[in-house]
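To keep things clear, I will list the structure first and then write my remarks on it.
The values are calculated or read from the model by the stated rules, or taken from the named source; none is laboratory data. Just so you know, these numbers come straight off a predicted model, no measurement behind them. Methodologically, a virtual Cβ is constructed for each residue, glycine included, from the backbone with ideal geometry; neighbour enumeration extends over all protein chains shown. Surface accessibility is based on the protein's heavy atoms, side chains included, excluding ligands, DNA and RNA. Shrake-Rupley method; radii C 1.70, N 1.55, O 1.52, S 1.80 Å.
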Amino acid sequence: MKKSFKHIFLATTVVSALTVGCSKSDLIDLYPQFSLSAVNSPANMDQVEEVLTGAYQGFRSGSYYGDGSGSGFSLMPDMMSDNLLETNESLANYKTLTDWVYADDDALVSGIWSAPYAIIANANIVLRDVDKFTTTENQTRANRLKGQALAIRAHAHFDLFRYFATSYDRSSTSELAVPYVTEFNISPIVKPARISNKDFYDKVIADLNGAVALLGNVDQTINPLATKRPMIDLAGAKAMQARVYLYAGMWAEAIQAATDAIALRPLAAQANFAGMYNETDAGEIIWNAQFDASQGGLGGGVYFSQNNRSAYAPAAEIATMDGTSGLLQDNDIRYDAYFRTIAGPNGPRLVVSKYRGKAALTDGNANFPVFRTGEMYLIRAEARARITPSQETQAMADLNALRQARITGYVDENLTGAALLTAIANERRRELFAEGHRFFDLKRTTKSIVRAGGCGDPSISPAVCTLPSTAREWAFPIPFDERSVNGNIQQNPGY
C-alpha cells in the first residue's frame, strides 16, 4: 500500500479518485469517487455537499466502524477488554490488539491512526469551501453542511485521542494528545505535532460548540427517515458534547448536554428497542454509521453469521446460554437483542448476534449505533454522581429509569457513594455492550482489565488475561510510518 495512507499530511489524498494500486482491504472502495473539482476547486454548494458525503462514507472503513481491518472504533474496544473473549473458531486476525502485543509497525494500529484523519480531511475541505458559496438565500443550507463538518472533525479527532493519548486529563498541559488538523493540506512540509490535552479539549469543545450553534438553524430535516439516522443533526452534536464532557470531567456541562440530547431523542418503549439493530424501528438512535446493501457491516470479526462462525464470544460475566446469570439475563430486553444461541460443531454456544443483518436477513449488513439515548442516561447519571456537591438522588433516578425501560419486573434501587458508581459502570457494560466503549471506560477510570470466565482455557485463544492500569498498552504507539516522515511527532512512552 502507498505510504501516503499512513501519515497525516498525505492521508488526505484518500479522499480523491486518484487512490489506485491498493488492495481491497485498504478500503478504497468505501471512499466516494466524486469529481476532483469537488476537492480542488468546487464550483458550487452541491460539490461541497459531495465532499461531506465522502466524510460519512469514510466511517464505513474497516479501521473505523466497518468490518475487515479490526473494526477499530466499533467492536475492537470490547474485543480488547473483558467483554469479549476469543474462541477456538477465531482466525487470529486481531490478536496483536486483543492480546495487547502491538508495536509501532502494527498494520491494525496504523489503520486506526489513518482512517480518522482521512475523514477529517473531507471535513476540512467542506470547512475550507462552504463559505465561498454562502449567500443570504442559502445561509441555512450552509449551516447544515458546516455544522456537520465541524461535528465530524471533532468526533474523529476525539476517537483518535481515546486510543493514542496516555491520559484523558482535561487540564494537563504536559500530557500529549494527538495533532488537531484544521486545514486540508497535502504538502510534505506540513508536519503537525501533538498538542497538550488542554489544548486538544479546547479545540474539540470549540468545534462542537460551533456545530451546535449551526445545526440549530438549518434548511431541512437532516435525517428524514426515522429508522435511519446516518447524518449528524443537533441531537448528534449534543450527544458528542455529552461524551466529551464526561471524559473531561466537566460534570455540569455533561449533565446539560445529555439532558438536551435526551429531550431530542427520548427513551423508546421496550417493544421498539431491538429494531435499532436490524433497521426495523427507530428505537433510540441518535446517530448511526449507515451500511446499506452491498456496503458490508461490522460484526463479522466477532460473529460471522454467513457461516455461523463465532470468533469472539461474550464473557460469562456478561451473559450465559441459560440466561440466568451474568450482567445481562433473559428478563432484560437487551439479552435477546444482543445474543442468540446457535448450534455448531463444538456444541451450542452463545453468540453476539446484534449485527447479523437487517430485518430477518443474516448477511452481516447492519448499521452501527454511534450514539443513542441509553448512553445519554448513563453519562448524566455518572456526572450527577461525581459532581460536587453530588446529585446522587437524580443519578439514581436516571439509572432506575433506564433499567425500568430494559428489565421486566425491575424494582427500583437506592444506592449512594461507591456502590452507585459501580452500578453505573456495570450498567454501561450492559447497555453499551459491543458498541465501542468498554476499553475506554476502563482506561478513563484507571481500572485494570481482568478477563474471567474462560480466559486461559486451552479451548479459548487468549492466554493473556490481565492488563494493569499502569501498562503502556492503554495507549497505542504512534505508527512508525507517521514518525518516519514527521519529525515533529512524539512517540508514546515505552514504545
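At a glance:
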| quantity | calculated |
| --- | --- |
| Integer Hz, Karplus 6.51/-1.76/1.60 couplings in order for the stretch 174-181, x for Gly and Pro | 10, 5, 9, 8, 10, x, 9, 9 |
| Under 14 Å, Cβ to Cβ, from Ser390 - net charge with Lys/Arg +1 and Asp/Glu -1 | 0 |
| Assigned charges on the beta-carbon of Lys, Arg, Asp, Glu; the stretch 116-193 dipole about Cα centre (debye) | 140 debye |
| Above-threshold pairs, the threshold being 32 Å between Cα atoms, out of Lys95/Lys447; Lys132/Lys443; Lys228/Lys447 | Lys132/Lys443; Lys228/Lys447 |
| Relative contact order for the stretch 200-254, counting Cα pairs under 8 Å that sit 6 or more residues apart, in percent | 33 percent |
| Whole-Hz ³J(HN,Hα) from phi, Karplus 6.51 cos²θ - 1.76 cosθ + 1.60, for the stretch 389-401, glycine and proline x | x, 5, 10, 5, 5, 5, 4, 5, 5, 4, 5, 5, 4 |
| Table column - 3J(HN,Hα) (Hz), the stretch 403-419, Karplus curve with 6.51, -1.76, 1.60, x for Gly and Pro | 5, 4, 6, 10, 10, 5, x, 5, 10, 3, 10, 9, 10, 9, x, 4, 4 |
| Length released on extending from Asn426 to Ala263, taking residue separation times 0.36 nm less the Cα-Cα span | 56.2 nm |
| Long-range HN-HN contacts of Arg340 with modeled amide H, under 5 Å | Val351, Ser353 |
| The stretch 196-292: chymotrypsin sites (Phe, Trp or Tyr not before Pro) falling in loop per DSSP and having at most 11 other Cβ within 10 Å | none |
| Radius 11 Å from Cβ of Pro116, net charge of other residues (Lys, Arg +1; Asp, Glu -1) | +1 |
| Longest site-free stretch - the chain; sites: GluC sites (Glu not before Pro), DSSP loop, at most 15 other Cβ within 10 Å | 184-412 |
| Calculated [θ] (222 nm, deg cm²/dmol) that DSSP helices of n ≥ 4 give over the chain, each run adding -39,500 (n - 2.57) | -12000 deg cm²/dmol |
| Spatial separation of Cα centroids for the stretch 47-83 and the stretch 294-316, in angstrom | 16 Å |
| Percent RCO, i.e. relative contact order, over the stretch 317-431, from Cα pairs under 8 Å lying at least 6 residues apart | 22 percent |
| Chain lengthening between Ser171 and Ala463 when straightened (0.36 nm per residue, less Cα-Cα) | 101.4 nm |
| Linear extension gain, Asp202 paired with Val450, 0.36 nm per residue minus alpha-carbon span | 85.9 nm |
| Relative contact order (percent, whole number), the stretch 257-330, Cα cutoff 8 Å, 6+ residue spacing | 13 percent |
| Counted charge near Leu160, where neighbours are those whose Cβ lies closer than 13 Å (Asp, Glu -1; Lys, Arg +1) | +2 |
| Residues with amide H under 5 Å from that of Leu85, placed H, sequence gap 5 or more | Ala313, Ala315 |
| Exposure of Met76 as accessible area (Å², to 10), given a probe of 1.4 Å and all protein chains | 0 Å² |
| With all protein chains modelled, accessible area of Asp412 [1.4 Å, Å²] | 90 Å² |
| Thr388/Ala471 FRET efficiency (R0 25 Å; Cβ-Cβ; nearest 0.05) | 0.25 |
